[in-house]
Amino acid sequence: MGEQAGSTKSSKAILIRAPLAPVAVALACGTVAGRFAPLPVGLWVVLGAAGLLTAIGTFRWDHLRLLSGLAVALTIFCLAAVRSNRAYFSISTSDIVTYSDQRAVLATLRGQVAETPRIEEDQGFPAIGYRRPPVTRFVLQAEGISTRSGWRDVSGMVAVTIRQRDDRLRAGQRVELAGWLARIEGGDNPGQYDWSQHARRLGIWTILTVPSAQSVGLLSDERSAWARATSRLRAAAREHLAGCGDLESGQLLNALIIGERHPVLRSLNRIMMRAGVAHYLSISGAHLGVFLGFVYLICRIFALTPRRSAIAVLVVLGTYMVLAEPNPPLLRSAIMATAICLATIFRRPYSALNALAAALVVLLAAWPMDIFDAGFQLSFGIVTGLILLLRPTRRWLFGRWMKRRGLMVFRGSDRLRRWLYHTAAEWLIDATTMAIVAYTVSIPLVAYHFGFFSPYAAPLSELLAAPILAVLVPGYMSMALAAPMPNLSYAIGRLADRAAEALAWMVRAMSDLPGLSFQLRPVEIWWVILCYAVLTLAVLHRRLRLGRVVLAVALVILAAATMYTQRTAPAPPTAELNILSVGGGQCAVLRCPNGKTFLLDAGSRSGMDVYEQALWPFLRYQRLPAPEVAFVSHANTDHYNAIPEFLQHHSLRRVYVNDAFGSQENKLDSTHPLGEDFLHVLQDRRVPLLRLRGGDVVNLDERTSIRVLWPPRGTTNLPVNDSSLVLLVTCDDTSILLPGDIEENAQRSLVAEGLLPHADALIVPHHGGWKTSLPGFLAAVNPRYVVVSTSREPTGPADEEQAGLFYQRLRNSYRFYSTVRNGWIRILLGRGEIHVDSMRE
C-alpha cells in the first residue's frame, strides 16, 4: 500500500511540475491515429465534440475531475487526428498534382522558391566509375501552369531538380521553369527508402525535372528586406567558416555551427552513422547548450545579473536561429532554452519535462507530420529518457561509490584530490550516465529506422565530446567577432579549424575499430514498443512484487523476439533472379533452392550508390544472406562499381570475370587498363579471382548451374563490351540468358556459330540498345519473357524505321519488362515453370 501511495504521489508530482505533458501525449497519439486509423474525419469531429461537451459539463465537480481530464484529453486527441488526417490525405482541387500523372509530362510552371536551393555536387560515390554531375534542388511554391488555354492558377509544393548547377537562385524569388512534371513514386526496389512518403509528409506530391539552367527564368525577387538581410547574413557566415579551413574542415565547421552539410562530408557522415554518433554532425541540443552556456558564462563574467544574462541569451538565441538551418532537434532545443530563460527572467521554477512537452505541442501544432521523422523521434525520445532516467541510472551505476565518497575526509592540503573526487568525478559521472541513457533509449529507434547497431556508441560519444567542444567554442567566438574584429576572428577560426581537422582524423580512425557496427534486418514497430516496455519495467521493477522475476522473463521474451526479427528467409522452392532497378547499369541477385545468393553484376552509371541505396536495402528487406560469390560480366564500371562498397561490409569467397578483364585499353586513361582499379580492390581484400571462358560450367547447387557461352577460349583482343560473359542460368530445365553488354559482332558470332540455346527469359544485351543484329539474336534465343535493365525505355534511333518496328514488336509479342517502368523484377524459374513479377506492374 505504501509503495502504491508513493507511486500515486510521484505521478501527481509529475503532473503538477509538467501540466503540459498529458497535452503533449494526447496530441502525439492523436497525430499518429489520424495518419493510420482508417476512420472518417467526421467521426473524429463527433468524438472530439463529445469530449469537449463532457469536459464543460463536469469540470465544476471535484469528484468528476478525472473524467473531466480524460474528456479534455479526448478532445485534444481528436483535434490532432483531424489535423493529421487533413495534412496527409487531403489536397486542394487546385493543387498542381491534379495536372500530373505517374508518367512524366512536359510542363511550364511559375512559382516562388520556397527554400534555400541546395547544390549537390560530386559526392565521391561510387568510388569507382561514373559520378553524377552537379544538380540543384529546391522546393517551389507553385502559382501557375501553362496550358493550351493560357496560364492557370495552381497551388501546392513541387520538388524541383535542375540537372545543372544554378547559382542564381535564392529563397523568395519568383521563377518560371520548363521541365518534366510527374508524381513522386515510391522506391524502385524492395526495402529502398520511400521518398514519396517523406515528400508526402512535407505536403509535396509532384516533382519537376528541369534539364538545364537555361530552362529556368527569373521573373522577380519578392523577398522582403528582412529576408534579403538574413540571406546575406547566412551567406556571410557560411563563407567565413568555410574560409577558416580547407574544403573538408571548413565545411565541417559549417555543419557543426550552422547546420549546413556539404557533400564532401558524406564519408565522415557514414562513419559517424555506423558508430552511432551522427548526431554530432548536425545541430542538436548539445550544440545549442554549449553555445548558450558559453554566452551565459560570458555575461556572468562581466558581472551581469542572472536575469540580464538570460535576456542576453534570448537575444543571441534569436540571432542564431536566423543563421542556422532549422530542424526538429534545433527547434526543440530552442524552445526549451527559451523556457529556461523566461523562468530565470520571471523568477519562476523551471521544469524540463514541461518545457519538452511545450516544444512537442508547438512543433506538432505547426508540422504534425514531423512526428514520423526519425530525427524528430530520436530528439524527443532521447531527451525524454534523459529527463526521466538520468537520476535513477546515476544512482544505479554510481550510487555505492558516491556513498563511500561521502565518508571520505579531505584535509586542507588535499585540494587537488578533493577536486578530483568531487568536481571532476561529478562531470565524468554525469557525462557517462547521459551517454549510457541516450544510447539505451536510441537503440530501438536506430534499429527501426536505420537498420544497424553500434556497440561503441556510448563510449565514442564521450570520447568525441571534448573535440566537439574544442570546435564549437572557438567557432562561435569567430563568428561573433567576424564583423568588429575580422583579423582576430580569422585567427580564432583557425583554432576551430585545427580542432575540426583533429575531429575528422578521430572519426576516420573509428572506422578501423573491429565490429564498429552490425547491420540488422528489419524490425517491426511492435519490437520497438516491446523494447521500451522492457526498459520501463527495468526502471520500475523494484516497485513490483516479484519484480526481478518479471524483468528476467521480459528480457528473455525480448531476446527471443530479437532473434525472430533477425531470422533469414527460408530457401525458395525454385531459383530466383532478382534484377534491381539501378538506372543505367545492372545489378542482379540470384538465389538458389539451397538458400545461397550470388551477385551477377552490381553497378550503375547513374551516379547512385548502388550498395547503400539498392543492394543492401533489398537484401535486408528480403532477409537474404549476403552473397559470397560474384560474377562480373566485363570491365565497364556500370557492372561492378557497387562491389567495392559491398566489400566494406561483407566478404566474397571468389569473383568470376572474363579472360580480358584488367588488360583492355582505357580510352580515358591510357596508363590504367579498364578494370584495373577493381582488381586492386579485390587484391587488397584478398578475394580470389577466377577467369571464365566459353564452355565453362559453374554448379551453384544440385539443381542450379551457370554455363558460359561467350567469349571463346583464347580471345583477349575483343572490345570491352564484346568480351562480356554470356551466362546461361539454369534451374532444373528452365533457363535465363544474361548476355552482358555484347554488341553487334558478338551477337552475330553467337547466332552464326549456333552457340545460343533456347532460354525462357532474356536480359536484352547492352541495356536494350539498338543493333541491327538484335532481331536475329532475339529470334535465336526465342524467349517467353524479355527484360531490360535501363534508365530509359529503349526506342532506338528516331531515323531508323527498323528499330522502331523492332521495339514495338518487342512489347507486343513478348512479355516485356523494364526496370525504368517496372522497377525491381523477379524471375522465378525451376521445375519446368517460369514466372515474373515486379515492383510496379
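When each of the peptides 762-775, 31-44, 106-119 is scored by how many other beta carbons lie within 10 Å of its residues on average, the order from highest to lowest is 762-775, 106-119, 31-44. Annotation: peptides 721-733, 499-511, ranked by per-residue average of other Cβ atoms within 10 Å with the highest first, follow the order 721-733, 499-511.
Given +1 at the Cβ of Lys and Arg, -1 at the Cβ of Asp and Glu and no other charges, the dipole of the chain around its Cα centre is 4460 debye to the nearest 20. Of all alpha-carbon pairs in region 717-793, indicate the percentage at a distance above 22 angstrom. Of the Cα pairs, 15 percent sit more than 22 Å apart.
Return one quarter of the surface area of the convex hull spanned by the alpha-carbon atoms of region 339-476, equal to its mean projected area, in nm². If you wrap the Cα atoms of region 339-476 in a convex hull and average its projections, you get 12.3 nm².
Across the chain, C-alpha contacts under 8 Å between residues 6 or more apart give a mean separation that, scaled by the residue count, equals a relative contact order of 9 percent. Among the GluC sites (Glu not before Pro) within region 740-804, those in coil by DSSP and having at most 13 neighbouring Cβ atoms inside 10 Å are 753, 800.
List the relative contact order of region 583-627 as a percent without decimals, with contacts defined as Cα pairs under 8 Å and 6+ residues apart.
After rounding, I find 37 percent.
Full extension of the chain between residue 650 and residue 209 gives 155.2 nm of extra length, using 0.36 nm per residue less the Cα-Cα distance.
Protection proxy ranking for 402-414, 802-814, using the average of other Cβ atoms within 10 Å per residue and placing the highest first: 802-814, 402-414. Once the Cα atoms are used to define both axes, helix 225-243 deviates from the longest principal axis of the chain by about 70 degrees. Listed by chain and number, the aspartates and glutamates whose alpha-carbon sits under 14 Å from that of residue 771, ignoring those within fewer than 8 places in the same chain, are 722, 741, 743, 744, 799, 800, 801. Reported to the nearest whole Å, the Cα centre-to-centre distance from region 795-820 to region 64-121 is 41. The distance between label points at residue 802 and residue 103 comes to 2.8 nm (points 7 Å beyond Cα on the Cα→Cβ vector).
Normalised Debye scattering of region 255-404 at q = 0.16 Å⁻¹ gives log10 I(q)/I(0) of -1.02, counting only Cα atoms as equal scatterers and leaving out solvent. Modelled this way, with points 7 Å down the Cα-to-C-beta line, the labels at residue 321 and residue 90 are 2.8 nm from one another. Normalised by residue number, the volume inside the convex hull of the Cα atoms of region 416-544 is 193 Å³ per residue. Candidates 627, 834, 337 compared by Cα position along the dipole of the chain: farthest toward the positive end lies 337, with charges placed on Cβ. Can you give me the C-alpha center-to-center distance between region 207-241 and region 508-526, rounded to a whole angstrom? Centre-to-centre distance over Cα atoms comes out at 39 Å.
Ignoring aspartates and glutamates fewer than eight residues from residue 403 along the same chain, the ones with Cα atoms less than 17 angstrom from its Cα are 426, 430. Computed on the Cα atoms alone, the convex hull of region 272-313 gives a volume of 61 cubic angstrom per residue. May I ask for the angle, rounded to the nearest 10°, between helix 425-450 and the longest principal axis of the chain, with both axes built from Cα atoms and the value confined to 0 to 90°? On a 0 to 90 degree scale, this one is about 40. Computed from Cα atoms, the angle from the helix 374-406 axis to the main principal axis of the chain rounds to 50 degrees.
Applying 1/(1 + (r/R0)^6) with R0 = 56 Å to the Cβ-Cβ distance of residue 409 and residue 568 gives a FRET efficiency near 0.40. Solvent-accessible area per residue in region 424-582 equals 51 Å², computed with a 1.4 angstrom probe and all protein chains kept. Which residues among region 340-372 fall inside the zone where the amide N is under 20 Å from a point 7 Å beyond the Cα of residue 307, along Cα→Cβ? Counting backbone N atoms under 20 Å from the label point, the list is 340-351. Ordering 154, 477, 571 by Cα displacement along the dipole of the chain toward the positive end leaves 477 in first place; charges were set at the Cβ atoms of Lys, Arg (+1) and Asp, Glu (-1).
Note on region 677-769: the alpha carbon radius of gyration divided by the globular reference 2.2 N^0.38 Å gives 1.16. The sum of -39500 (n - 2.57) across all DSSP H runs of n ≥ 4, divided by the residue count of the chain, sets its helix-only mean residue ellipticity at 222 nm to -15500 deg cm²/dmol. Evaluated over the Cα positions of region 482-622, the convex hull gives a direction-averaged projected area, one quarter of its surface, of 17.1 nm². The tail of the calculated P(r) for the chain, taken as Cα-Cα distances beyond 38 Å, holds 53 percent of the pairs. Take every Cα pair under 8 Å whose residues are at least 6 apart in sequence, average their separation, divide by the length of region 705-751, and the relative contact order is 35 percent.
The values are calculated or read from the model by the stated rules, or taken from the named source; none is laboratory data. No experiment lies behind these values; they were computed from the predicted model shown. Cβ: placed from backbone, ideal geometry, glycine included. Neighbour counts: every protein chain shown. We work out accessible area using only protein heavy atoms, side chains counted, and drop any ligands, DNA or RNA first. Shrake-Rupley method; radii C 1.70, N 1.55, O 1.52, S 1.80 Å.
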